Amino acid sequence: MLSATVAAPVSGRWRYPVAQIRQFGLLEPEYAQAVERLGREPNLVELGILGAMWSEHCGYKHSRRLLKLLPTTGPRVLQGPGENAGAVSIGDGLAVALKMESHNHPSAVEPVQGAATGVGGILRDIFTMGARPVAILDSLRFGDPSDHRTPHLVDGVIAGIAFYGNCIGVPTVGGEISFDPSYTGNPLVNAMCVGVLPADRLTRAAASGPGNPLILVGADTGRDGIQGAAFASNDDPRASHRGVIQVGNPFLEKLLLEACLELIERGGVLAMQDLGAAGLTSSSVEMAARGGLGVEIDVQQVPRRETGMNAFEVMLSESQERMLVLVERGQEAGLMDHFAHWGLHAAVIGSITADGTIRIRDGAETVAELPIPLLADDVPAYALRPERPATVMDCTGLDVPSGLDLSHALLSLLGSPNLCSRAYAFVQYDSTVQANTAFGPGEGAAALIRVEGTHKGLAISTDCNPRYMRLDPRRGAQQAVAEAARNVACVGAEPIAVTDCLNFGNPEKPEVAWQLSEAVHGLAEACRALDVPIVSGNVSLYNETAGLGAIAPTPAVGLVGLIEPIEDRVGIGFHEGDAVVLLGQPVDTLSTGELRAVVLGDERGPFPRLDLAAERRLGDLLRSLAQARRVRSAQDVSDGGLAIAVAECALASNVGCRLKSEVLRADGGPVAALFSEDQGRAVVGCLVSEAPAVLAAAVAAGVPARVIGHAGGTRLVAPGLLDVPLAAARAAHESGFARLLGHTGTRV
Amino acid sequence: MARFAVIRFPGTNCERETVRVLREVLEQSVDEPLWHADPRPLDEYDCVILPGGFAHGDHLRAGAIARFSAIMADVERYAARGGLVLGICNGFQVLLEAGLLPGAMLRNATLQFRGAWVHCRVERTDSPFTAACQPGQVLRLPIAHGEGSYAVAGPEDLERLERAGAVLLRYSDPAGAVTAAANPNGSLGNIAGITNPRGNVFGLMPHPERACESLLGSVDGMPLLRSIVQHVTTERGEASVTRELSPAC
């Protein structure tokens, strides 16, 4: 194993200056290791290939060992990590493919194209598996709203997602947008896609059959994005990506999607692999590595969009909307006709070989020759050197404030950056295309997509709270899984699979290494406790900006739940006259959270109570209540606490709520009861006549439950504590986003 | 039973659900989508639908390239012979570009794509496309478009359209009041859907096919699609076979 410490440059030792080696993404000891294994120094093309394959982005140098901690198996799992996407069975011969991926660095530089190509990339990961994409969610993190760059980044990222997702006809149904000063120089754009396929059509990307032809289809190859993978593993996004940004063409991807799915349906596809980071290099190497074979490519056969490109540029271009397809020898002609029908350029660019080598030719000349195991298996693996930073906050024993104007506090929170309505973004997305969207944005605690031709539904949620992560990365990661699971349980669904996107700073720094290690342990613990496997994911490290430091650790969790029949689904909107029941442990103090940060101006507070066993009991209860059709609304209690959960239920259906003040005054007092962010809680609405049955079911399930009020009217009221007209709540909630970006009301 | 044709351009993205809803929810006969590059007589069909999407990526201008597709000549002949042609969203834009409907689409007044649930008031019920609606009925339908601001050259053109009763659907509030606040895209006269002078071609920006199952939040697309079936079967002298609206769940 290598040490991550950079050795002092030994000038003249290598044929390349050390600075150039670094430019290709390699540390000098890594280069030395490669030379030793290779028995010679690589030429420039080979150095480019090596740098890309050994980058953090492709090679997971710092995270590989940790990731082995994650539970990746289960009775439903058809495909775990290692392919383009994970896949799980949903019964009746159907499967769901899911994956989340980051496009952080490109979005920091060019938010529109960065976000658009992020969506394009994640879509390809899904349809490469043979699945038709049915939903997109985006987990977005931006810096201080008052920073002059933030509105530009927010508007650009939203526009990019809309540009790509709307055109290709996959509904954008959910996700999250949060603001935290740590993202000011380095926004996070994590896109998640879910697809559905007949399980027997699951297509993998492992090479087979030496001599079989490799076909490249889709966009012609240009000079865009050359060496993106190596640069993404640098820690200054603005310095790194200039000139290497890819540009998306959703129309071309739509053609590619339909052509590939049709091809897989017809049969005969041996392997399919999309071209993402490190383009043709990583796609061909990974395909060969999975099959334990080799690959030969003639760059002269690669269709180009510009003249004069050399082998290096062709192999490392990150031009979008390209796919590598492997078929049996003799099938080429039929394949060309098929792609021509769709107006797509396709070419046989090489073949699979038996010798375990990637050989790149430029016509007759061999320009690179590297052993596949060197690129795929010998990637340096670093042991992290985690150190718990001394600056971790101690927040025990902080006072719960008294004398707060609770109505004012509620209105402030409803209009605040992390809690105000996201309609500003969602109205720019098509959330109803494909005619399967049962719950779009804001309609359920999770998005809900009907599986065509069945009574199955997929509930989908993405979650992660940077404030909790900063306070305690282990429990913060657990909370992200717990909240996502709770969201899908509120809809009535059972969690069946998780995908994650681990966004962290530079792992060579001990405190970042500690955050990463703690977070992965937390994810693993929560997934085990809630019995849900992680089947795919992505790691994005080096999210730092010169002078601003690392981002808050952000392991974004994307979780898919299954509900059947989907007709049992439960939305968040209150129904007039319903009893409002709080499920979960009463609070005893005011945790850290939005009230402390926004209203009190100091986010410090105890970590919200989190009990994974209690979460599991609550999830089981919520599902059984939905199946028995005993509840008519359900919303999880999370950011902002009970008051925000109740307000969201009220705003969703324009039905107010009257809370029982005596219940709020008990326990930790009204401030904590209304605004603490303790986990493991949900607010459900049911017919008054059903309330005893709901409470009895809760007792039987071991979940504390109390009637805390009734839905109805046009106000949010807790007599003597709180009284807010719904219209005022709506005004604060709906104007918040445009206001924080400094836009006038005319934009929305 | 009516027989529908659904046209598929490269970049069309609503053809699958359009076919599915016609088949499974309305229980009508629908062939697999017809490819734009394959010209063919359409006389065997009772109605031809141009579904939503981004034909040819909406490059240049929505519908501007699709109108030159080979099958559009057949659609024009079919319409000239009185066949029913329905254009939904991008299909509406293609019909405008092809000159089968009057007017043009501009970018939304917000200059942004807009995906939302809107209300539309039915202005006439003596059209093949609205005959199953109630007069003045307000429909809750989804929209999803970036170029949906309906425009004509001048006030006299709008006046002519209004006098001819070309407007079949208008954006309104839930009570049916046609207001500026209810207009999601800046369309002249809150126009959401118009028909041609002969009344056999209809284009609308909202998506009725996305609002045919209560699971999806609305069944208000049904009366529009049922109108076509009702018209076809009545013309043919068949007893109306359209079943009462029974939400899927």
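In this calculation the C-beta distance from A:E365 to A:A390 is compared with R0 = 51 Å, giving a FRET efficiency of 0.35.
Given the Cα-Cα distance of A:Q20 and A:D723 and 0.36 nm per residue of separation, how much length would full extension add, in nm?
246.6 nm
Annotation: aspartates and glutamates with alpha-carbon distance below 17 angstrom to A:K99 (same-chain offsets under eight excluded): A:E83, A:D125, A:D138, A:E176, A:D274, A:D463, A:D500.
Along its principal axes, the range A:570-748 has C-alpha extents of 51, 35, 30 angstrom, given from the largest down. Where only DSSP H runs of four or more residues are counted, the protein assembly as shown gives -9000 deg cm²/dmol as its mean residue ellipticity at 222 nm, each run worth -39500 (n - 2.57). Counting, for every residue in B:1-12, the Cβ atoms of other protein chains within 10 Å of its Cβ and taking the mean gives 2. Counting only other chain Cβ atoms within 10 Å of each residue's Cβ, the peptide A:337-344 averages 1.
Strictly over 32 Å apart at the Cα level, which of A:K68/A:K254; A:K68/A:K509; A:K61/A:K254 would you flag in this model? From the list (A:K68/A:K254; A:K68/A:K509; A:K61/A:K254), the Cα-Cα distance tops 32 Å for A:K68/A:K254; A:K61/A:K254. Note on B:R163/B:E32: beta-carbon distance plugged into 1/(1 + (r/R0)^6) with R0 of 45 Å gives a FRET efficiency of 0.65.
First measure r as the distance between the Cβ atoms of A:D144 and A:H408, then evaluate 1/(1 + (r/R0)^6) with R0 = 22 Å and state the FRET efficiency to the nearest 0.05. The computed FRET efficiency comes out at 0.40. Cα-based radius of gyration for chain B, normalised by 2.2 N^0.38 Å, reads 0.92.
Explain nothing, just the number: relative contact order of the range A:570-748, from Cα pairs under 8 Å at least 6 residues apart, as a whole percent.
Once divided by the residue count of the range A:570-748, the mean separation gives 36 percent.
The mean sequence distance of close C-alpha pairs (under 8 Å, at least 6 residues apart), as a share of the length of chain B, puts its relative contact order at 19 percent. Relative to the current alpha-carbon distance between A:N310 and A:D531, full extension at 0.36 nm per residue lengthens the span by 74.6 nm. Antiparallel beta bridges, as assigned by DSSP with both residues in the range B:3-235, represent about 60 percent of the total such bridges. Once the chain from A:E265 to A:V35 is taken as fully extended at 0.36 nm per residue, the excess over their C-alpha distance is 78.3 nm. The interface between chain A and chain B buries about 2700 Å² of solvent-accessible area in total (1.4 Å probe, ligands and nucleic acids excluded).
Taking the accessible area of the range A:570-748, probe 1.4 Å, and keeping the other protein chains in place, the carbon and sulfur fraction comes to 52%. Listed peptides A:360-366, B:87-93 appear in the order B:87-93, A:360-366 once ranked by packing, highest mean of other Cβ atoms within 10 Å at the front.
The values are calculated or read from the model by the stated rules, or taken from the named source; none is laboratory data. Computed from a prediction, not measured in an experiment: that's the story for all the values here. Methodologically, a virtual Cβ is constructed for each residue, glycine included, from the backbone with ideal geometry; neighbour enumeration extends over all protein chains shown. When the accessible area is computed, the model is the full protein with side chains, heavy atoms only, and any ligands, DNA or RNA have been set aside. Shrake-Rupley method; radii C 1.70, N 1.55, O 1.52, S 1.80 Å.
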